[in-house]
Amino acid sequence: MTAPSLVLVSEANADFLLDEFGRYQRDYDLRTATSADEAEQVAREVLAGGGQVALFVTESVLPDSGVPEAFARWRSVVPTARRIVAAHHDRFLLDAPALRLGLAKGKYDAYLLMPRGVRDEEFHGVVCELLSDWGSTVAEPEVESVRIVSPDGDPLTLALRDFFDRMGLPNRVHHPDSPSGQEVLARWNGPATYPLVEALERPPVAPRSVREAAVAVYGRPDEVDVETVVDVCVVGAGPAGLAAAVYAASEGLSTVVVEVEAVGGQAGTSSMIRNYLGFPRGISGMRLAQRARNQAIRFGTRFFTGWEVTAIEPHPAGHCVRTDGGDLRARSVVLASGVAYRKLGVPAVEELVGRGVFYGSALTAAREMEGADVVVVGGGNSAGQAAIHLARFARSVTIMVRRDSLEATMSAYLLGEIAHNPRIAVAPCCEIADGGGDGHLEWLDVRDTRDGSVTRRAVSGLFLLLGADPQSDWLPQEVARDARGFVLTGRDVPRDSWVDGLPPESLATTLPGVFAAGDLRAGSMKRVAAASGEGASVVPLVHQWLATLPAPAGAREDRGLIVGV
């Protein structure tokens, strides 16, 4: 396999950059250019030879072009490459005011000071971050943690890939007739059935759902010692649940997290979150979630992925959390199960889910859209992030919204990136009326909400990010909810549930010992940072609650649960 290329562009310092990037020589093909024209020619030569360009690095002044214009040209040739401006120290402050504007608009990924000495790890830390992001979203994995054997890209195979991508497990699909496919089949006992999954050197399984694959890799709740009563069970592993797990476990509380899908929740599907505090170049939802998960595991949290919580019932120890894979006993419960995207409700389109139609950003499917025309429906930040990511692969991306613009629902930084991306267009006052295709999405009928006219357009991909409904139907009646199903906490709970004229604590529900954090909670901000903050803030309330309880009779209280995957 040809090594991906790094293109280093400078009229006067190309040799210096080549020497500085010598540490990447083993894994990357280093190319130099002295102008924007030459860099474009180099990129085209790499592509013509079957290679990939992973990164452009340019000095802040070029002899034949402005830097933003150069990046626009290079992006038209290689839209998936990451982009760095490395200014010489003589020009860093001089060029900064103009170039930082382009950074804010997403024209490039970083504006850095060119290294002035050896071991400039601040500089190379940024380079490695961007190469890691490129490798996880564009390149095929060099090392496979998961092999999937399947003869075609059926919906389950695609869903499995998306799940493993969100869990941070490098994976690849192999045809049954390929050498790798034959290796997996040789270790499979029984008639061939697809897809087959071989993960983390464990025996192959033939899952009928993503949940079965998750259980095969990560275990199930009934593996918890039946004599164990944990201090806190967190339901949901989005940002709120992960923060609750980190802070609870770090403070010595035995903690278990149950997640029905992939760790990270909806945030885990975001290709790049650029406004999360402390990550100036952004971070993908998957990486943020996996870092938080690893942090929680380090403190002793145990995760169970792939099982849906079906009920919370009273128990002498506090609460019995029932799942369809086993029961957990916990002295307190944090509800952080978040929200799910609303359904479009067009039957012909719903029949094509997994075959060109996707709910959420479906990061794995984005790579399948190379050269295609796709539509994103939704006006929130998740839709904007999905459109920007898809534009790296698709020929065109159209964001459709019922409103007359995106300004009221999307952050300004995303609006700026969208406005400056030539592959992205916005179609206001539109809705999907119908769609179809021969086994795969091929066309959509789009209705203009102003005059009712319908236009048919050819598309290969539809990504639906339609707003959110709470995942609360399984909760007992004792947990009060608003008319839309969001969980009420604190002063928002009905006054007849207040005790001695006082409302519950800010994140406490109407069921004692049960708390809510994140998007599931009525009145929450629906932002990653806000959800993380609520997850952290709920832990002191859990401590207060546990202090009122006697030690559970007849049960072994386990405060040293140092088990994880």
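Scoring P170 on the criteria (1) touching a Ser or Thr at 6+ places or on another chain (Cβ under 8 Å); (2) buried (at least 21 other Cβ atoms within 10 Å of the Cβ); (3) not β-branched (V, I, T) leaves a single failure, condition (2).
The number of residues in segment 26-47 that are part of a loop (DSSP other than H, G, I, E, B) and farther than 14 Å from V127 by Cα comes to 3. Please determine whether any residue of segment 379-392 is assigned to a strand (DSSP E or B) and under 25 Å from the mean Cα position of the chain (by Cα). Within segment 379-392, none of the residues are assigned to a strand (DSSP E or B) and under 25 Å from the mean Cα position of the chain (by Cα). Filtered by the rule that a residue be surrounded by fewer than 21 Cβ atoms within 10 Å (Cβ to Cβ) and of a type outside the set (A, V, I, L, M, F, W, C), segment 5-19 gives E11, N13, D15, D19.
Among residues of segment 299-325 that are assigned by TED's automatic domain parsing to the domain that holds G513, those with a beta-carbon under 6 Å from a residue that is surrounded by 17 or more Cβ atoms within 10 Å (Cβ to Cβ) and among the aromatic types (F, W, Y) at least six positions away or on a different chain give the pairs T305/Y218; T323/W307; G325/W307. Of the candidates R161, R83, the single residue that is buried (at least 19 other Cβ atoms within 10 Å of the Cβ) and touching a residue at least 40 places away in the same chain (Cβ under 8 Å) is R161.
Which number in (1) in a helix (DSSP H, G or I); (2) surrounded by fewer than 22 Cβ atoms within 10 Å (Cβ to Cβ) marks the one condition that D327 misses? Result: D327 fails condition (1) only.
Yes/no per residue for (1) touching a Gly at 6+ places or on another chain (Cβ under 8 Å); (2) within 25 Å of V53 (Cβ to Cβ):
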position: E370; (1), (2): no, yes
position: V374; (1), (2): yes, yes
position: S382; (1), (2): yes, no
position: H389; (1), (2): no, yes
position: S405; (1), (2): no, no
position: R423; (1), (2): no, yes
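The set of residues from segment 244-274 being part of a loop (DSSP other than H, G, I, E, B) and modelled with pLDDT under 85 comprises E261, A262, S270, S271, M272, R274. Filtered by the rule that a residue be assigned to a strand (DSSP E or B), touching a residue at least 24 places away in the same chain (Cβ under 8 Å) and among the aliphatic types (A, V, I, L, M), segment 484-528 gives V487, A508, V514, A516.
Restricting the first member to segment 437-450 and to residues that are within 16 Å of D404 (Cβ to Cβ), and the second to residues that are of a type in the set (K, R) and not in a strand (DSSP E or B), the beta-carbon pairs closer than 8 Å and six or more apart or on different chains are T449/R402. Report yes if some residue within segment 340-362 is out of contact with any Leu (no Cβ under 9 Å at 6 or more places or on another chain) and within 23 Å of G535 (Cα to Cα); otherwise report no. Yes, the conditions are met somewhere in segment 340-362.
Residue-by-condition table, conditions (1) more than 24 Å from A362 (Cβ to Cβ); (2) surrounded by 15 or more Cβ atoms within 10 Å (Cβ to Cβ):
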residue: V426; (1), (2): no, yes
residue: D448; (1), (2): yes, yes
residue: A458; (1), (2): no, no
residue: L465; (1), (2): no, yes
residue: Q477; (1), (2): yes, no
residue: F486; (1), (2): yes, yes
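Condition check: surrounded by fewer than 21 Cβ atoms within 10 Å (Cβ to Cβ), assigned to a helix (DSSP H, G or I) and outside the structural domain of F163 (by TED's automatic domain parsing). Does R291 satisfy that? For R291, the condition - surrounded by fewer than 21 Cβ atoms within 10 Å (Cβ to Cβ), assigned to a helix (DSSP H, G or I) and outside the structural domain of F163 (by TED's automatic domain parsing) - is met.
The values are calculated or read from the model by the stated rules, or taken from the named source; none is laboratory data. None of these values were measured; they are calculated from a predicted model. So basically every Cβ, Gly included, is an ideal-geometry build from the backbone, and we count neighbours across all protein chains shown.
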